[in-house]
Structure formats: C-alpha cells, structure tokens
Amino acid sequence: TFEELRLANVYTRKRQEISLAAGFDSNEDDSDGDEADGNLFTERQHHDNGQLKYIRTHLYMPAEPHPEKGYVPACDRLVEEKHYNPDGVCMLDVHFGLGQPYLSRKHYHPNQRLKSEKLFYVEEERTMKCRKAGHWRTYYESGGMEGEMQYDGNGVRVGFCKRYNEDG
C-alpha cells in the first residue's frame, strides 16, 4: 500500500489527491514543493565590447539529510562552463554531463585549436572532489600532439608520459 511504501522511505513525497469536480487551475497547484528542483540555470557575462565573456549553466541541488553528517548543504552543481576572449573565441570549455560521473575540461589556443584536454572522475558532485581519469593530452598551436598521459580509474598514472616534437 501507499502507507507501507511511505514508511519504508520508498515514497518520500505525499500523495496527490485532486478533485476535478470543482475545476482545476494548474497555475494555483502547489502540490509538488520540489518542482523547481532539477531546473537548470544559465548565467552570462559580456566583455566591454559586447562579446560573450562567460557562460555557466548549473543545477541547484537543495540541502538534504545525510546519514553521517546530519545534512549536506545546498549547492550549485556545474553542468557546463565556457570562457571566451574579447574576440569571441572560446578559450575554456568545462562540461559535466548530467547523470555521468565524468567532468571534461578543454583549453583552446587563440586560433581555436585544442590546447589541452583533461578528464576527471567526480567522486562527490556537491564538493566536486575529483580524481584524474582517462587520457590527458596537450597540443601545439599547430594542432599536433605535444604530450600525453593516461590515468586509471583510481587516478594513478598508467605507463609512461609521452612527449612529441612539433613535427610529430
């Protein structure tokens, strides 16, 4: 039954009972207090010349109970962040996909070629505690690979650090 599932903490919300006989106005419906949870927010800043300087998309995460800490405070979970130079060229792209524990961070040269790419495994999304993961690469401004390192799932470097001349 509903009551048994609620007591077992399977259901954490209250049951919604609506009488349609008197009509129903969805604008006055305040039955789900956490409806705003899960909304994405985007903030933008511009350079003096009007070009985009910064764009950041985040998800508001409300405070919630925690078995050991009592509760964890509210925070903004990063989804995507991009920084641009005054010419409008993207210089930094940080992406933390929803539902994924990986954060990708890419830097770009002024000519819009990739400068470096790094991958992080996010252990705790509220504090953004991370460890290195996957391939970390750096690139010359001409586009050739400059260096490469690889990390395992525990953040430990695997193999040798590879360095390349500009001609490959």
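The values are calculated or read from the model by the stated rules, or taken from the named source; none is laboratory data. A quick note: this is a predicted structure, and the numbers were derived from the prediction, not measured. All Cβ positions, even for glycine, are placed from backbone atoms using ideal geometry, and neighbour counts span all protein chains on display.
For GLY143, indicate whether it is surrounded by 16 or more Cβ atoms within 10 Å (Cβ to Cβ), over 30 Å from HIS66 (Cα atoms) and either at pLDDT below 95 or among the charged types (D, E, K, R) (or both). Criteria not met by GLY143.
Could you say whether any residue in the stretch 19-41 is assigned to a helix (DSSP H, G or I), modelled with pLDDT of 65 or more and surrounded by 11 or more Cβ atoms within 10 Å (Cβ to Cβ)? No - not one qualifying residue is present in the stretch 19-41.
Looking across GLU124, GLU117, one residue alone is without any contact (Cβ under 8 Å) to a residue 12 or more places away in the chain and not β-branched (Val, Ile, Thr). It is GLU124.
Of the set (1) in a strand (DSSP E or B); (2) over 22 Å from CYS130 (Cβ atoms); (3) in contact (Cβ under 8 Å) with a residue 12 or more places away in the chain, all apply to LEU78 but (2). Filtered by the rule that a residue be in contact with a strand residue (DSSP E or B) (Cβ under 7 Å, 6 or more places away or on another chain) and among the small types (Gly, Ala, Ser), the stretch 59-90 gives ALA63, ALA74, GLY88. Restricting the search to the stretch 75-103, which residues are at pLDDT 85 or above and aliphatic (A, V, I, L, M)? Once the filter is applied, which keeps residues that are at pLDDT 85 or above and aliphatic (A, V, I, L, M), the stretch 75-103 yields LEU78, VAL79, VAL89, MET91, LEU92, VAL94, LEU103.
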